[in-house]
Amino acid sequence: MKTSIHIENKIRPKASRNGLKYHIKTFGCQMNEHDSEKIAGIFNNDGMTKSDDIDNADVLFVNTCTIRENADDKLYGTLGHLKKWKSLAPNRRLLVGGCAAQKDKELVRERAPWVDVVIGTHNTTEIINLLNQAEDWGPITEIIEETTDIETEIAAVRESSVSAFVTIQIGCNNSCTFCIVPSVRGIEISRRPSDIINEIKSLAHDGVKEITLLGQNVNSYGRDLMINNRRKPYFTELLYKIHDIDGIERIRFTSPHPKDFKIETLKAVADLPKVANQIHIPLQSGSNKILSSMHRGYNQKRFLEKVDLIKSLIPNVSISSDIIVGFPGENEDDFQQTMDVVNYAEFDLIFMFKFSPRPGTVAFDYVDQFVEKKVIDDRFMRLKVRQTEISEKRYKRYQNTKQTMLVEKVSKKDNNILTGRIEGGHIVHLESSSENIGKLLNVNIYDSTPFFLKATL
Ligand code: 5AD
Ligand code: SF4
């Protein structure tokens, strides 16, 4: 259902904004980062050029996130500041899209009436039409509630020429009770394998060496597809096909769901040299009571069995996870069970989040079981301290070893340092000059911290 009447842009043929500059501000996850790259492709196609400096931009696209409450707060703070940006030149155009726009279209308009275009997550290819309409008719909001197709014809303008995101699936069919994603990103839709393969071949042709396959639930990829009415192209099969593409040296994927990890996929990760020995397996909680209340579809025992399987099948694997602290009803014993899993699994890295009640999710209504803020803060701190010790130990294992690093870019903080990652996904700071960007190099790891490795050539 559309929330505004969609008028086909017949007023002028194809607008061209030749010479104008655009800037994109992205909040949130890798999916959003990649959506911004696709928007950049659309803007370039319309004749605009990218500007890293917002003050030089004529058109600004803000790609929003709504996964936790602080993302919303940041957005409205940013939109407040942008009122001034917009007022400094009459022809400046401000466009807001992404998950918060999809969820809170009226609120964005109400709190920031100076926004020219509010667009959702399902109709980004309409962005130039909407911009044209806003210029002719004034501010416009267009959100559609669902999509049936993944747009594949957009040539994304990627941030990195070495490492590229490739969408394999959009949406999510799970119903984790804390999560807003299914309501802003819609049902799970897999992209056709041939489109994925063609895109990756063309990336390889352009010199890209590493690809990260993106989806909300990548290891359930293909369940909605039928090829020749016979069989489904499962995720594992996709990995094998991508592995055959010349020029691609490394393949990563995110995010999988623990309940959907098949042994075949883990074997493929072990068998295929180009598929990185890195597995992200989001735990969320170690307590069976909380996992059940989250609707995660596994318990502690099943999760630990998967961790054991991952470790036994994939040599020198690096495992990362997501954990939510302070889910409604979490008591000290539940939290201890999360700590037990963390101690047992010894993740290389975790992404930790304090539970954030999202209106519209099931857990938002568990209000009578909300955990006190100071209790959440205390548990969060204890988990952080423990994980830092574990990460320190995990990163130390690379000290005085040689590793293959894909060099990605110059460090923002130091011009004499290049950053990139080893196969396990660990960030490396390499002392080297910029001619090594884009290369897969054998480097000496001489030191480590709990967050990155230090290397020389
Ligand atoms: N509160 C806290 N963390 C959340 N996440 C998703 N929704 C919430 C929420 N409401 C976390 C989960 C997920 C990651 C992407 O964000 O850990 O895996
Ligand atoms: Fe959200 Fe759960 Fe889907 Fe992940 S699997 S996007 S946490 S609903």
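General remarks:
- A search for C-beta distances below 8 Å between a residue of segment 179-194 that is within 17 Å of Phe353 (Cβ to Cβ) and assigned by TED's automatic domain parsing to the domain that holds Ile242 and any residue that is at pLDDT below 90 and more than 8 Å from ligand 2 (Cβ to nearest atom), counting only pairs 6+ apart in sequence or on different chains, returns nothing.
- Identification of helices (runs of 4 or more DSSP H) wholly contained in segment 90-175 with 3 or more residues that are touching a residue at least 60 places away in the same chain (Cβ under 8 Å) and not acidic (Asp, Glu) yields 99-103, 127-137.
- The condition (being at pLDDT below 90, away from ligand 2 (no atom under 16 Å from the Cβ) and either touching a helix residue (DSSP H, G or I) at 6+ places or on another chain (Cβ under 7 Å) or outside the structural domain of Ile170 (by TED's automatic domain parsing) (or both)) is satisfied by just one residue among Asp72, Asp55, Asp46: Asp72.
- Qualifying positions in segment 412-437 - closer than 24 Å to Phe351 by Cα and either of a type in the set (Asp, Glu) or surrounded by fewer than 15 Cβ atoms within 10 Å (Cβ to Cβ) (or both): Lys412, Lys413, Glu423
- Ser320 passes every criterion in (1) away from ligand 2 (no atom under 16 Å from the Cβ); (2) closer than 21 Å to Gly424 by Cα apart from (1).
- Considered as a group, the residues in segment 169-181 that are of a type outside the set (A, V, I, L, M, F, W, C) and surrounded by fewer than 22 Cβ atoms within 10 Å (Cβ to Cβ) include one that is farthest from ligand 1 (Cβ to nearest atom), and that residue is Asn173.
- Residue in segment 412-428 that is touching a Gly at 6+ places or on another chain (Cβ under 7 Å) and within 23 Å of Thr254 (Cβ to Cβ) present: yes
- Tally of residues being free of Cβ contacts under 8 Å to residues at least 40 places away in the same chain and out of contact with any strand residue (DSSP E or B) (no Cβ under 8 Å at 6 or more places or on another chain) across segment 434-457: 1
- Checked against (1) touching a residue at least 12 places away in the same chain (Cβ under 8 Å); (2) loosely packed, with under 15 Cβ neighbours inside 10 Å, His81 passes all but a single condition, namely (1).
- Complete set of residues in segment 130-156 that are surrounded by fewer than 19 Cβ atoms within 10 Å (Cβ to Cβ) and modelled with pLDDT of 90 or more: Glu135, Asp136, Trp137, Gly138, Pro139
- The residues listed here are Val96, Val117, Val184, Val166; of these, the one that is touching a Lys or Arg at 6+ places or on another chain (Cβ under 7 Å) and open to solvent by less than 30 Å² (accessible area, probe 1.4 Å) is Val184.
- Among (1) farther than 15 Å from Asp322 by Cβ; (2) open to solvent by less than 80 Å² (accessible area, probe 1.4 Å); (3) not in a strand (DSSP E or B), the one test that Asp340 misses: (2)
- Out of Ile310, Ile323, Ile245, Ile290, sole residue that is within 20 Å of the chain's Cα centre (by Cα) and either free of Cβ contacts under 8 Å to residues at least 60 places away in the same chain or not assigned by TED's automatic domain parsing to the domain that holds Asn198 (or both): Ile323
- Residue match in segment 384-396 (condition: within 13 Å of ligand 1 (Cβ to nearest atom) and crowded, with 19+ Cβ neighbours inside 10 Å): no
The values are calculated or read from the model by the stated rules, or taken from the named source; none is laboratory data. Because the structure is predicted, anything quoted here is derived from the model rather than measured. Here Cβ is always computed from backbone atoms with ideal geometry, including for glycine, and neighbour counts include all displayed protein chains. Each accessible area value is taken on the protein alone, full model and side chains, heavy atoms only, with ligands, DNA and RNA left out. Shrake-Rupley method; radii C 1.70, N 1.55, O 1.52, S 1.80 Å.
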